[in-house]
Amino acid sequence: ISSDLVPFGSSPANDFPWRTAFSETFRRLGALIADNDIRVSMHPGQYTVLNSPDQNVVDRAILDLEYHHDILTLLGTDAKSKIILHLGGSYGDRTAAQDRFIENFKRLSLPVRRRLVLENDDRSYNIFQVLEVANRIGVPVVFDNLHHALNFPTKNLPDSTWVDLCAATWKPSDGRQKIHYSQQSTDGKPGAHSRTIAINGFLEYMAPLAGRTLDVMLEVKDKNLSAVKCMLCLAENPRIDALEREWACYKYAVLEHSQHHYQRIRSLLNDKTGYPAVAFYNLVESALEHPVDIGSAANAAMHVWGYFKKEVPEQSKAEFERLLKGYMAGQVSLERLKRLLYKHAQAYDENYLLQSYYFE
């Protein structure tokens, strides 16, 4: 859950009684979370530093952690819903900075301490150093694979071993052990998260972790799209109709990139006795890596237009034809053409299209 849910929620400058003013909204959201068996967490930002040598920074960090705890409490969650925090900076003396974190940790209220989880970072504190501190204060540790790849101990071990060492820090009252998984963006700085989770890399990473009871949090730009992908590829009770629902969401997005991939996926899903989840997502990923093809995009737009072309007035038909011709001639952007299609999909309540990834 975003730390910015309540603007300036932890600031003394904010004297608005948001905890009581929004209590009913929090209650309704909490019921949604509980009814759907969702485990939520929060991750304070880079300015919430508990081991800073500046006492004012520490004081603000404590207020911010209390704010995060209040959000999770108002939602009706227990201590299994965590607040994830990095140790902070090293400030030229890592041992002193670690000791300072421990001393300031003792200033936190007991309910906040019960929610707190430590995570390794990509610069200051590797997983070994985080485990040292966590074992001294008795809090769980989240293992982050991408941070670890950029900042690992001198004596390194397989990721699965570090995950097991972190598992020992989780008590039953903390809920299932949680890890963070992400992949490096191909065009971003080191540590930047990828646009989507490449399924082959994910499955290769998860194979040594088989048999463990984990909550795996994906840190990725497309969020739930990758989450569903990974869940379906690890499904214990696979069903072909789950892939067919995914194809309904993806198909026009795939079509505008590659008609070849579109046809291959249709053929793949014709066999109703199998469950080709990995092959399906490999084709989807491959298609979306292709640049948008003008002819394919025009074809996809005409397919989408077909859902309401008989209902729209003549003026709208003329506008669509004008924009489509303009796009194919390089005079109109695809975004402009798709905005028109989206407007009509909303107007005619075409949920099949509105729930698809075509307009993402």
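The values are calculated or read from the model by the stated rules, or taken from the named source; none is laboratory data. Here the structure is a predicted model, which means the values were calculated and not measured. FYI the Cβ positions are ideal-geometry reconstructions off the backbone, even for glycines, and counts take in every protein chain you see. We work out accessible area using only protein heavy atoms, side chains counted, and drop any ligands, DNA or RNA first. Shrake-Rupley method; radii C 1.70, N 1.55, O 1.52, S 1.80 Å.
Worth pointing out:
- By a 1.4 Å probe calculation restricted to protein chains, Leu234 has an accessible surface near 90 Å², given to the nearest 10.
- GNM flexibility winner over the chain from Ala242, Ala287, Ala149 (Cα, springs under 10 Å): Ala242
- Using a probe of 1.4 Å, the accessible surface attributed to Tyr342 totals some 90 Å² when neighbouring protein chains are kept in position.
- Net charge of the neighbourhood of Gln183, taken over other residues with C-beta under 10 Å away and scored Lys/Arg +1, Asp/Glu -1, is 0.
- On full extension, the segment bounded by Arg107 and Gln346 gains 80.8 nm, given 0.36 nm per residue less the C-alpha separation.
- Long pairs among Lys82/Lys178; Lys229/Lys343; Lys251/Lys343, criterion Cα-Cα beyond 18 Å: Lys229/Lys343; Lys251/Lys343
- Comparing Leu341, Leu255, Leu116 in a Gaussian network model of the chain where C-alpha atoms under 10 Å apart are linked, the largest mean-square fluctuation is found at Leu341.
- Chain lengthening between Ser267 and Leu214 when straightened (0.36 nm per residue, less Cα-Cα): 15.6 nm
- The stretch 94-157 and the stretch 179-232: distance between their alpha carbon centers, rounded to Å: 22
- Net lengthening on full extension, Tyr307/Arg245 (0.36 nm per residue, minus Cα-Cα): 20.5 nm
- With all protein chains kept in place, the per residue accessible area of the chain amounts to 53 square angstrom at a probe of 1.4 angstrom.
- The mean sequence separation of alpha-carbon pairs under 8 Å and at least six residues apart, normalised by the residue count of the chain, gives a relative contact order of 10 percent.
- Label sites at Asn56 and Phe16, each approximated as a point 7 angstrom past Cα along Cα to Cβ, lie 2.5 nm apart.
- For the stretch 275-319 versus the stretch 324-356, the gap between their alpha-carbon centres in whole angstrom: 10
- When Met302, Met206, Met42 are compared by accessible surface with a 1.4 Å probe, the order from highest to lowest is Met302, Met206, Met42.
- Most to least accessible of Trp162, Trp247 (protein chains only, probe 1.4 Å): Trp247, Trp162
- Cross-link reach list, aspartates and glutamates versus Lys106, counting only Cα pairs under 16 Å and skipping chain neighbours closer than eight places: Asp59, Asp64, Glu66
- Hydrodynamic radius (Kirkwood) for the stretch 219-360, which is based on Cα pairs only, to one decimal in Å: 16.2
- Zone of Glu132's modelled label, taken as backbone nitrogen in the stretch 146-185 under 13 Å from a point 7 Å along Cα→Cβ: 153-155
- Per principal axis, descending, Cα span of the chain in whole Å: 71, 49, 39
- Between Asn51, Asn270, Asn224, the Gaussian network model of the chain with springs among Cα atoms under 10 angstrom shows the greatest mean-square fluctuation at Asn270.
- Per atom type, the chain shows carbon and sulfur on 52% of its accessible surface, probed at 1.4 Å.
- FRET efficiency, Glu24 to Lys171 (Cβ-Cβ, R0 25 Å, nearest 0.05): 0.15
- Of the residues Leu85, Leu354, Leu5, ranked by 1.4 Å probe accessible area with the largest first, the sequence reads Leu5, Leu354, Leu85.
- Taking every DSSP helix (H) stretch of at least 4 residues in the chain, weighting each as -39,500 (n - 2.57) and dividing the sum by the residue count yields a mean residue ellipticity at 222 nm of -15500 deg cm²/dmol.
- Total formal charge among the other residues, if their Cβ is under 15 angstrom from that of Ile197, Lys/Arg +1 and Asp/Glu -1: -3
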